[in-house]
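For reference, the structure discussed in these notes is given below.
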Amino acid sequence: MAAEAWLWRWGWGQRCPGRPGLPGPGPGPTTLLHFLLLLGPVAADITDGNSEHLKREHSLIKPYQGVGSSSMPLWDFQGSTMLTSQYVRLTPDERSKEGSIWNHQPCFLKDWEMHVHFKVHGIGKKNLHGDGIALWYTRDRLVPGPVFGSKDNFHGLAIFLDTYPNDETTERVFPYISVMVNNGSLSYDHSKDGRWSELAGCTADFRNRDHDTFLAVRYSRGRLTVMTDLEDKNEWKNCIDITGVRLPTGYYFGASAGTGDLSDNHDIISIKLFQLMVERTPEEESIDWTKIEPGVNFLRSPKDNVDDPTGNFRSGPLTGWRVFLLLLCALLGIIVCAVVGAVVFQKRQERNKRFY
């Protein structure tokens, strides 16, 4: 397997058309923020496009088959979902709609990469639109529910592309992408935009774009990476990077969307799934991957990602203004130490002169 141990932290990767893989990044500016980020986990090797294989049984690609009917090969859909020759519309720009599309075949790949070409658009301005799209890798399929048109308390992985801030006190900038891994014990709290159960997230301005928008999800050796290409620059931008994720094989891929009092068109243009060629030890190969319980080897509870009611922020992710404050405090600390050191040095010099 050809691989280069590039660090995603140093820049963006080119999203080369026709190549399924996520190539390594080019060089970027070295900043104090980059230096601090390098103290965290090191990014995984980026495989080249020839090392991945498109799995058509798990992919949704034009030209679609079954246009104008209520079913299509390899995929089932329900609710308000409508199949056209150009896109799969999960919901129209109308109130109180929900729809989903699910792959027929369970996925038994241990390492995979999914590319999603999508579009969220509508006539609503500012915050007068909602609610968003969810991408799923779950045990159950075709079960409608309150979480972006699908069931709550699910087993597996969910990636939420949320366009509406239900929590008026939130500091997040929407649209917002977040990740949740669930073993059926957690419930998604819409009133808090899922902060109680979120593992990580990022702001991503994907709504009402005049160009194509893409999202990539990579799962390999327990590492989950989410990247976006939203700027029409043919570049992947890092959004989420989590290690220690446990996902079983034999689950189903799907996408769903929902609207409430506010609405949008939620379209899926394509879903492409690629197998990642990863060498594993005999011990790893002997594991029954279908019996693994979804989870994350996390040092703290995902519930720590929310603001404390007392006004104190519990060890949440370093994003937005918190990163700025951290860097500002670090810079001020360095300046203070430098000034104090200079003063002490000068006084010692003056003291030494008195003895000569």
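The C-beta contact set for region 129-144 (first residue farther than 16 Å from Cys107 by Cβ and without any contact (Cβ under 8 Å) to a residue 60 or more places away in the chain, second residue among the charged types (D, E, K, R) and outside any strand (DSSP E or B), distance under 7 angstrom, 6+ apart or interchain) comprises Val143/Lys151.
For region 61-83, which positions are within 13 Å of Gly99 (Cβ to Cβ) and not acidic (Asp, Glu)? Please lay out each step first, then the result.
Initially, region 61-83 is screened for residues within 13 Å of Gly99 (Cβ to Cβ), giving 70, 75-83.
Listed by number, the residues that qualify are Ser70, Trp75, Phe77, Gln78, Gly79, Ser80, Thr81, Met82, Leu83.
Of all residues in region 270-292, those satisfying the criterion of being farther than 21 Å from His53 by Cα and part of a helix (DSSP H, G or I) are Pro282, Glu283, Glu284, Thr290, Lys291.
Arg209 falls short of the stated requirement of being touching a residue at least 60 places away in the same chain (Cβ under 8 Å) and under 14 Å from the mean Cα position of the chain (by Cα).
Scanning region 170-218 for residues that are open to solvent by 20 Å² or more (accessible area, probe 1.4 Å), over 21 Å from Arg246 (Cα atoms) and part of a loop (DSSP other than H, G, I, E, B) returns Thr170, Glu171, Arg172, Val173, Phe174, Asp189, Asp205, Asn208, Arg209, Asp210, His211, Asp212.
Quick check: anything in region 142-149 assigned to a strand (DSSP E or B), within 28 Å of Glu168 (Cβ to Cβ) and open to solvent by 30 Å² or more (accessible area, probe 1.4 Å)?
At the first step, the residues of region 142-149 found to be assigned to a strand (DSSP E or B) are 147.
Within this subset, residues satisfying the condition of being within 28 Å of Glu168 (Cβ to Cβ) are 147.
With the extra rule that they be open to solvent by 30 Å² or more (accessible area, probe 1.4 Å), the set shrinks to none.
No.
Out of all the residues in region 297-306, is one or more at pLDDT 90 or above and of a type outside the set (S, T, N, Q)? No, because not a single residue in region 297-306 is at pLDDT 90 or above and of a type outside the set (S, T, N, Q).
As a summary of the residue check, Leu186 satisfies the conditions (1) under 14 Å from the mean Cα position of the chain (by Cα); (2) aliphatic (A, V, I, L, M); (3) over 21 Å from Phe214 (Cα atoms) except for the one numbered (1).
One residue stands out among those in region 153-169 that are open to solvent by 30 Å² or more (accessible area, probe 1.4 Å) and under 20 Å from the mean Cα position of the chain (by Cα): the one that is farthest from Arg195 (Cα to Cα), which is His155. Taking region 233-259 as the range and being at pLDDT 95 or above, part of a loop (DSSP other than H, G, I, E, B) and under 25 Å from Thr163 (Cα atoms) as the test, only Thr259 passes.
For region 248-266, state whether one or more residues are touching a residue at least 24 places away in the same chain (Cβ under 8 Å) and closer than 16 Å to Arg223 by Cα. Yes, the conditions are met somewhere in region 248-266. Only residues that are under 19 Å from the mean Cα position of the chain (by Cα) and open to solvent by 50 Å² or more (accessible area, probe 1.4 Å) were counted across region 253-274, and they come to 1.
Might you let me know whether region 88-95 holds any residue that is open to solvent by 40 Å² or more (accessible area, probe 1.4 Å) and either within 25 Å of Val245 (Cβ to Cβ) or in contact with a Lys or Arg (Cβ under 9 Å, 6 or more places away or on another chain) (or both)?
Of all residues in region 88-95, those open to solvent by 40 Å² or more (accessible area, probe 1.4 Å) come to 93-95.
Checking the rest, the ones that are also either within 25 Å of Val245 (Cβ to Cβ) or in contact with a Lys or Arg (Cβ under 9 Å, 6 or more places away or on another chain) (or both) come to none.
Checking region 88-95: not a single residue is open to solvent by 40 Å² or more (accessible area, probe 1.4 Å) and either within 25 Å of Val245 (Cβ to Cβ) or in contact with a Lys or Arg (Cβ under 9 Å, 6 or more places away or on another chain) (or both).
For region 69-81, the set of residues classified as aliphatic (A, V, I, L, M) and surrounded by fewer than 17 Cβ atoms within 10 Å (Cβ to Cβ) consists of Leu74 only.
The values are calculated or read from the model by the stated rules, or taken from the named source; none is laboratory data. Just so it is clear, the structure is predicted and the values come from calculations on it, not from any experiment. Counting neighbours? That spans all protein chains shown, and the Cβs are built from the backbone with ideal geometry, glycine included. Ligands, DNA and RNA are stripped out before the accessible areas are found, and what is left, the full protein with its side chains, is counted by its heavy atoms. Shrake-Rupley method; radii C 1.70, N 1.55, O 1.52, S 1.80 Å.
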